[in-house]
Structures are given as structure tokens and as C-alpha cells.
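Working notes, beginning with the structure itself.
The values are calculated or read from the model by the stated rules, or taken from the named source; none is laboratory data. Everything quoted here is computed from the prediction, not taken from an experiment. Cβ sites come from the backbone with ideal geometry, for glycine too, and all protein chains shown count toward neighbours. To get the accessible areas, we keep the full protein, side chains included, count just its heavy atoms, and leave off ligands, DNA and RNA. Shrake-Rupley method; radii C 1.70, N 1.55, O 1.52, S 1.80 Å.
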Amino acid sequence: MVFHLPVDAVREDMWIGGRRHEACRGGRFETISPAHDVPVGSYPLASAEDVDHAVASARRAFDTGIWPHLSGKHRARVLQSVADAILSNRDELATLEVLESGKPITQARGEMETAADLWDYAATLARHDYGDSYNNLGTSKLAFVLREPAGVVGMITPWNFPLLIISQKLPFALAVGCTAVVKPSELTPATTIRLVELLHEAGVPEGVVNVVTGYGDPVGARLAEHPAVDVISFTGSTRVGKSIVAQAKGNLKRVSLELGGKNPHIVFADADLDAAIDPVVFGVYFNMGECCNSGSRLLVERSVAEEFTRRVVERSRAVRVGDPLKEDTKVGAVISDAHLKKIMSYVARGHDDGARLLLGGNRLASDCGRFVEPTVFDLVTPEMAIARDEIFGPVLSVIAFDSLDDAVRIANDTLYGLSAGAWTSNVETAFQVSRRVRAGTIWINCFMDGYAELPFGGYRESGLGRELGRFSTDEFAEIKTVQLHLGPRTHTWL
Ligand code: NAD
């Protein structure tokens, strides 16, 4: 089948020192549309030497360039121009994102708008980047605490929200004056490279942001271990996150990690069940379930479990799965054959472990691409693999619970701790869940809402550190204490 895609396959280069670069050893790799099975991008296949060049460029831009020394006002203007540029190029960026990730076009457009908002918000932080002063240390001392940019930041990102995730890191690092080397996922580099072009047009000086394209090993691994990198900011799987920590230990660089999740979505019997249905369905199938925040564990109070689950199944049947370029598609293609295999292996594990399949469980027949039916299992128990592991597909595991204590215990019975949702009309229950569930974000009577103002990150194996919100720039800042003695010396040591 021949597809006429809305844009031709892109042929891009890396960006190092403000210039386009091929890989120093030559060689390229292709990206393939997960929905259409055709090549959509061609990129240089970088090696560790390319990473070294990119880091040297970012190092020069930090150590001798102007970016760290510009005023907050100046940097804010540049970041705002990037926000505007993302909005003006929204449709092009969204199309590139769909072709490499398989996500629905309407969703991709929304992600571009959210990404622009992150650049806009980071601009406000650039003008509020200041320390403290201490005039209360006695007559002979005055002290101040300076915030300084931490240096060169290595950023490694995944394929599920390519432009959105780099926008959770890069503008905040730039706001405080850092420089960066970015390594996008090998499956989805297009929008990150396009973003770097927009950055240069917006006035980011050459060498401040560099991008290298290639595989996790060697490109990401070299970046994580590089002695001239000061901070590594990683979003991806918990497995690779652990290897990043090991790679980063050589120079004890600071590490921030945004990792996986197995997030509980808890429905109490006293909730507005009509209101909860749509967010539960959205929460699990959004982005084909390839979402760190996926509400993939549905915990329902036993007295309403059967009826609520029946309604979730009924609503799930209405979810449109198919060509992500169509305006009415809600669930597009899963990213790769390997990932499809992983999802289907969990469906098989669900059967084997004794869960009951209520819906789906199959790959959808299609001329091309790889699509999975919305899938619901009930009679799931907390020790089953489908209740414990991050499947990263459109698979919902329904677990019944008997009390608030029971719900909290099951919710916390996981290695992860990224996010959780709860539906209840009881204020006491809402506060108890908010306080007792160990996760970085708790949604009460809503699910997966996000705001630039609100910190995001995980407990336990879901991560280290926080992105977004007013503390986000702390990841990219050093704190320096300066003490001044005033007047004659008041005492001697000897
Ligand atoms: P992944 O860990 O396989 O890859 C992420 C990035 O790391 C890619 O750029 C990859 O090339 C690189 N990489 C792979 N091996 C590496 C190595 N040895 N050293 C350095 N870099 C290496 O993850 P993925 O499959 O791209 O993304 C899915 C995962 O990301 C899921 O677990 C999901 O939960 C997580 N995620 C988390 C968040 C969050 O904010 N918490 C957001 C999105 C995705």
C-alpha cells in the first residue's frame, strides 16, 4: 500500500556549535512511521566522538560565551520568542510528531501548545532567578547567597512525548544560563531538531544548544558519563535510569530522572461515577497507553466494581483506534514491533495468571502499522504481572478493594510512585488519599491534568528530582555563599 503522507520524509543533520553536522564516522539511520510503515526521517548515526564534539561546544559556550552572563530579561525574551515560534509552527511540528510517534494528530497539536506554554512559563522564571541576602549576622558581617547556572546539561529524552519532554527541561536550564547537549530518542528526533533550528532563529547563541542523534548506547551512555557534563537530565525507563546513575558517577555529576509508573486510579463507591468514567478511559488509552502517567491500575471499591467496570468496558468500545492522521482518531499506532510484542506478552501473562479478559487483547487487523485494541482485565490481584509492571500499552487492570486502608495499601504496593488519581465525594477520603498515597502527583476528581506552575516527578523508582513549577530551575543552578567582613577585624586566631 502506498501512503501519501502530508510531508516528505525529512533528512536532518545534527546541530553542534550552531552548525549542521553529519556524524564524524558517516552513517545514517532512518525512522519509520509506526502507523504507515514508511520511512519518515533520516539522521546522522552519532558515535561517542560526536558527543565529545557537542560537549566541547556546549562547554565553550558556557565557559567563554555570553549566554550565562546575559540578563534575565534578555534570556526571557529569547524564551518567549521560542514559545511564539512553536505556536506559529504548531501544525508542522505536530505532523512530524505523529509520523514518528504514531500519536493522534489532534493530541499532537495540543502537545505543541502545551510545550509552547512551558517555554513561556520558563521565561518568567528567568526574571525571578535570584538568591538571598543576610543582613542579620552582626555588625561585622554581610552575606549573600548567589544562584549560578550549573554548567553544561546533558538531556536524554524518550519517544512518547518528544517535544513536550524536551520542553520540560531545556527552557528551564536556559532560563538560568546553562548550555546543553540534547539526545532525543532514536525513534523520534524530528521535532527536537526542528526546535533547535527555531532556537537559533529566536536568538539562542551558537553552541548553547547542541543536538546529537543516535542510539542510547553509545550516544546517551557517553553523554551520561562525560566528565565535562555537569548535570544529566534523563526521562525514560527505570531500567535505563539506573544505568544513567551508574554512568554518571565518574565525575559525580548531578542526575535528575523522570522514569516509569504503574499509577493507581482509585474509584470510591461515593464518587460521581458518571463523571469518573471518561477520565478513567482517557487515563489508560491516552497516547496508546504509552504514557508514564497512564492510569493503568484501576482500583474500584468492591460494592460498585462490577457495575463501574461494565461501564468502563462499554465506553472503551467507543474509542476510535486507527490512522493517527485522521482527525477523529483517539488512539494511534504503538511505537514499534518490539513494543507490540511486549504488550501482547503482558496480555498473555494476564490470561495465564488468571485475570479475566473483558475486552480486546488483540492486535487490530490493518494494512500497515501496529494497532492494539483497548484491553480490559478484571479479577486482577496485586501480585499479578499486569498489576505490577509498566506495560506501556492500552491495557487496563481492574482490582477491587474493600476500604480506604485497603485502597491505600494496594496503591502503594508498587516500586513506582509517579502519580495517582482518586474519585470520591468525601473530603476526608480525598485528604487521606492525598496524604497517604506515595506518589509525586495526586489528582482528586480529575486525572492527568498538568500545569507549568506545578512540580512533576516521582517517588521511589519513578525518579529523582522534580521538573516544572518554580523549583524546576533548582536542578540547573548552583548555590554559592559569599561572606563579607565589614570594619576592623574584631578577633584574631592566635
Ligand atoms: P528508554 O529508557 O528506552 O530510552 C530513553 C532514552 O534513553 C532514549 O533517548 C534512549 O536512546 C536513551 N538510552 C537508552 N539506553 C541508554 C543508555 N544505556 N545510556 C544512556 N541513554 C540510553 O525509554 P523509552 O522507551 O524511550 O521511553 C519509555 C519510558 O519512559 C517509560 O518507562 C516511561 O514511563 C518513561 N517516561 C517517563 C516520563 C516521566 O516524566 N516520568 C515521561 C515519559 C516517559
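Summary of computed values
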item	result
Partner lysines for Lys249 [C-alpha distance under 22 Å; skip if fewer than 8 residues away on the same chain]	Lys169, Lys183
Gap separating the Cα centres of the stretch 168-202 and the stretch 250-277, nearest whole Å	26
Stretchable slack from Arg11 to Ala143, in nm (0.36 nm times residue separation minus alpha-carbon distance)	42.2 nm
Ordering of 284-290, 261-267 by burial proxy (mean other Cβ atoms within 10 Å per residue, highest first)	261-267, 284-290
Sites Ser71 and Lys342, calculated FRET efficiency, Cβ-Cβ separation with R0 56 Å, nearest 0.05	0.70
Between helix 90-101 and the chain: long-axis angle, C-alpha atoms, 0 to 90°, nearest 10	60
Gain upon complete extension [His200, Leu357; 0.36 nm per residue less C-alpha separation]	51.4 nm
Ordering of 455-466, 37-48 by packing [mean C-beta count within 10 Å, highest first]	455-466, 37-48
Cα-centred dipole magnitude for the stretch 1-117, charges only on beta-carbon of K, R (+1) and D, E (-1), debye, nearest 20	500
Cβ-based charge dipole, the stretch 268-357, positive-most Cα from Asn293, Ala338, Gly350	Ala338
Top positive-direction residue, dipole computed over the stretch 433-494 with Cβ charges, set Leu468, Leu494, Leu484	Leu494
Glu314 paired with Glu478, simple spin-label distance in nm, labels 7 Å along Cα-to-beta-carbon	6.2
Order of exposure, largest accessible area first, which applies to His200, His74 with probe 1.4 Å	His74, His200
Helix 273-285 vs. the chain, principal-axis angle (Cα, 0 to 90°, nearest 10)	70
Cβ-placed point charges (K, R +1; D, E -1), dipole of the chain about Cα centre in debye, nearest 20	1320
Cα centre as origin, Lys/Arg/Asp/Glu Cβ charges: the stretch 257-335 dipole, Debye	280
Summed side-chain charge close to Pro279 - residues other than Pro279 whose Cβ falls under 12 Å, Lys, Arg +1, Asp, Glu -1	-3
Per residue value of the accessible surface for the chain (all protein chains in place, 1.4 Å probe), Å²	42
Within the accessible area of the stretch 288-350 (1.4 Å probe), percent carbon and sulfur	48
Projected-area mean, the chain, by convex hull of Cα positions, square nanometres	26.9
Helix-derived mean residue ellipticity, 222 nm - over the chain, DSSP H n ≥ 4, -39500 (n - 2.57), to 500	-11500 deg cm²/dmol
Overall form of the stretch 19-99 per C-alpha gyration tensor (a/c, 1.5; a/b vs b/c)	oblate
Accessible surface of the stretch 394-494, 1.4 Å probe, proportion on carbon and sulfur as whole %	55
Relative contact order of the stretch 93-200, defined on C-alpha pairs under 8 angstrom at six or more residues apart (%)	30
Residues of type lysines that Lys141 reaches as a straight line, Cα spacing below 29 Å, ignoring anything fewer than 8 places off in the same chain	Lys480
Largest-first ordering by accessible area, 1.4 Å probe, given options His339, His491	His491, His339
Extreme residue, positive dipole direction of the chain, given options Pro171, Leu379, Ser403 (C-beta unit charges)	Pro171
Along each principal axis, Cα extent of the stretch 164-281, largest first, Å	56, 36, 29
Kirkwood-Stokes translational diffusion coefficient of the stretch 309-366, alpha-carbon pairs, 37 °C, 0.692 mPa s, µm²/s	251
Within the accessible area of the stretch 115-254 (1.4 Å probe), percent carbon and sulfur	53
Helix 162-175 vs. the chain, principal-axis angle (Cα, 0 to 90°, nearest 10)	20
Under 22 Å from Lys342, Cα to Cα: lysines that are on another chain or at least 8 residues apart	Lys103, Lys242, Lys262, Lys330
Peptides 318-324, 376-382 ordered by average Cβ neighbours within 10 Å, highest first	376-382, 318-324
Val7, Val300, ranked by accessible area, largest first (probe 1.4 Å)	Val7, Val300
Pairwise FRET efficiency - Asp405 versus Arg60, Cβ, R0 = 56 Å, nearest 0.05	0.45
Spacing of the two label points (7 Å from each Cα toward its C-beta) at Ser237 and Ser88, in nm	4.0
